[in-house]
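Read-outs: derived from the displayed coordinates by stated rules, not from any lab. Worth saying up front: this structure is predicted, and the values here are computed from it rather than measured. A quick note on method: Cβ atoms are made from the backbone with ideal geometry, for glycine too, and the neighbour counts reach across all protein chains shown.
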């Protein structure tokens, strides 16, 4: 498995298993099967509500000698109700307890959107706090502290625009090493990718297959189905692979890590096999032409009536 190496030499496998939307009762078996198949990168988050089951699977795999802790790369994320320097460590310790781990490989600020402590997810404008660069900087100080305490080996962000990222870079002691963002052929984000590359920040792509199984409340009725895109389908037919494998190979050939979710053994094997596919330059150019700047996870769930957030303040672009 190809990997990206960080400054301290730690390798992060480019292809990982995403656990967003993996249902209780399914995710543990999926993680166990993924590890058996050869996955070594598992992406988690406290807000997914399934970290205890993920932890059970990891613990069982280690106990049965299928893998060592050092061979795994485990990512998790700080939820929005724990932004602020003093809230980071308690949140991370809860995640570590749920995952039954002593440390993470990577801990990310999940969204740059603060919600009131104690609120799991905002249901009214009063649950949301306004955009606040100072609070994000304070949170980053907490991230630096847990890194220095050995609770995680690397720190980064998720869903950060270039503007928000550069503000953080101007005020941090320890630089973020990863920005996890939505990325796929319909949303290629070339400027953000270029900015991160210039700053030595690795990009991880979430929803690489379009995340068509996400809740209806955060889907547009007329949104495109990425796995049914005719260009992707044609490339898959020509190369003797599946559309999902084309989408994943496209990321991996650019050195961008990606974390497709599946709980189906056949799909887990199929996704892992995408790492062996090499797309020719002509195919890469066909895929490049698909960019529409179309966000499928556009963050509209943060836009509550009377609330402080807009899509402009979230993404810093029209």
Semi-axes of the range 59-107 from the Cα gyration tensor (sqrt of 5 times each eigenvalue, largest first, whole Å) come to 25, 10, 7
For the range 35-159 the mean separation of alpha carbon contacts under 8 Å (6+ apart) over residue count, i.e. relative contact order in percent, is 28
Radius of gyration and Dmax for the range 80-126's Cα atoms, expressed in Å? 12.0, 37
Between the range 241-318 and the range 116-166, how far is it from one alpha carbon centroid to the other, in angstrom? 23
In 5 Å bins starting at 0, how do the alpha-carbon pair distances of the range 185-235 split up by percent? 4, 16, 21, 19, 17, 14, 8, 1
Taking the chain and dividing mean pair separation by its residue count, relative contact order in percent (alpha carbons under 8 Å, at least six apart): 19
Per the helix-only calculation at 222 nm, which mean residue ellipticity applies to the chain, given -39500 (n - 2.57) for every DSSP H run of n ≥ 4 and division by its residues, nearest 500 deg cm²/dmol? -10500 deg cm²/dmol
The range 104-228 - convex hull of alpha carbons, volume per residue in Å³: 138
The equivalent-ellipsoid semi-axes of the range 36-187, taken as the square roots of five times the Cα gyration tensor eigenvalues and listed largest first in whole Å, are 27, 17, 16
Work out the P(r) tail for the range 253-318: percent of alpha carbon pairs separated by more than 13 Å, whole number. 78
Which of 141, 238 has the fewest other C-beta atoms within 10 Å, and how do the rest follow up to the most? 238, 141
DSSP beta bridges in the range 1-112 [antiparallel fraction, %, rounded to 5]: 25
Quick check of the Kirkwood formula: for the range 93-164, what is the inverse mean of 1/r over all pairs of different Cα atoms, in Å? 13.6
Debye log10 I(q)/I(0) for the range 1-120, one point scatterer per Cα, at q = 0.10, 0.21, 0.22 Å⁻¹: -0.30, -1.22, -1.30
Run the numbers on the range 180-297 and let me know its relative contact order in percent, using alpha-carbon pairs under 8 Å that are six or more apart. 37
Neighbouring Cβ atoms within 10 Å as the yardstick, rank 80, 172, 241 fewest first. 172, 241, 80
Could you please tell me the mean projected area of the C-alpha convex hull for the chain, averaged over all directions and given in square nanometres to one decimal? 15.6
Expected unfolding gain across residue 170-residue 71 under the 0.36 nm per residue rule, minus the alpha-carbon gap, is 32.3 nm
Could you tell me the convex hull volume per residue, in Å³, taken over the Cα atoms of the range 205-282? 99
